[in-house]
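Worksheet for the structure shown next.
Readers should treat all values here as calculations from the given coordinates under stated rules, not as data from a laboratory. Just so we're clear, the structure is a prediction, and the values are computed from it rather than from any experiment. When we count neighbours, we look across all protein chains shown, and the Cβ atoms used for this are built from the backbone with ideal geometry, even at glycine.
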Amino acid sequence: MLFLFLDYDGTLREIAGRPQDALPDADLLRLLRRLERSRNLRPVIITGRSIRDIRRMLPLRRTCFIGTHGLEFARGTGTVRYLLPVAKAKSAVNRICAELKKWIDGSFTLENKTVSLSLHDRLAPPARAARARRKLMELVRPYVKRGILDLIRGKCVLEVRPMGAHKGIGVEFVLDRAPGGAAAVAFGDDRTDEDMFRVLNRRKQVTVVVGKRKSAALFRVPSPRLARKILSSLHCALGTDRDVLSPTLQSQKFPGRKFLHRALGAD
Ligand SMILES: [Mg+2]
């Protein structure tokens, strides 16, 4: 069994100006449905978005979701569970959102994801964006000091999440419950994906960064379009009805990296 840990924004599709506009196209939905129906592949969408939000965009029944940077987990349409305690973070996020709203206008998107928040400023004039960022940092600082919240910068976004939450936690949660010998490959484009890359590199699995950013990932593909092409070839190679992976995994002959090196056409 091969787990495919897939970030969404910037990895499976180009980043949109506003997060709510980043809908999947029909080809992407078709690809993800083919992956989730495969006997050998286990796609897991792993995103900074909340599970509620990502499931609205990707209505997939058999895919697992890890949301809010490793904090939430759900199978398909199943119940969402938190992987860390979140009570203190929830009330802090509400307080910060209420105050921050006074400092931003319609050129920003502020997402209150209950246990985390994102401030998107891609469409805001630079001076106004800088001012809002400073304000958010000032509001978050006391909670950082108390070990409740953490603040991270992404591409035109500031994310506030519970201290200790990162995508590596979600990856470990899934792999620790997987049958022995399960392999994994992860695709991601942003700084927040480095935590899952580090966990998977340590476990001798395959990591792929999408885009030009400096990364701990073992491989690089230039664009979401090419990432999708590789996933499609992985599906052609491994996604058949026959269980082609188990025998090799069980006999310890799974060529792991070598196989994926070839599939990814690595240099
Ligand atoms: Mg991303």
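Side notes on the structure shown:
- Percent of beta bridges antiparallel (DSSP, the range 120-237, rounded to nearest 5): 50
- Counting DSSP beta bridges with both ends in the chain, the antiparallel % (nearest 5): 50
- Members of Lys90/Lys113; Lys102/Lys155; Lys113/Lys167; Lys113/Lys145; Lys167/Lys204; Lys155/Lys214 lying beyond 19 Å, as alpha-carbon distances in this model show: Lys102/Lys155; Lys113/Lys145
- Within the chain, the longest run free of trypsin sites (Lys or Arg not before Pro) that sit in a DSSP loop with at most 16 other Cβ atoms within 10 Å is 63-121.
- In terms of other Cβ atoms within 10 Å, Met1, Met137 run from fewest to most in the order Met137, Met1.
- FRET efficiency for the pair Ala16 and Arg146, taken as 1/(1 + (r/R0)^6) with r the Cβ-Cβ distance and R0 = 51 Å, rounds to 0.90.
- Estimated from helices alone, the mean residue ellipticity of the chain at 222 nm is -11500 deg cm²/dmol (sum of -39500 (n - 2.57) over DSSP H runs with n ≥ 4, per residue).
- When the chain is treated as a Gaussian network with alpha carbon springs shorter than 10 Å, the biggest mean-square fluctuation among Asp176, Asp121, Asp190 belongs to Asp176.
- With R₀ set to 25 Å, the beta-carbon distance separating Leu29 from Arg191 gives a calculated FRET efficiency near 0.40.
- Using a simple spin-label model with pseudo-atoms 7 Å out from Cα toward Cβ, Lys102 and Lys204 lie 5.7 nm apart.
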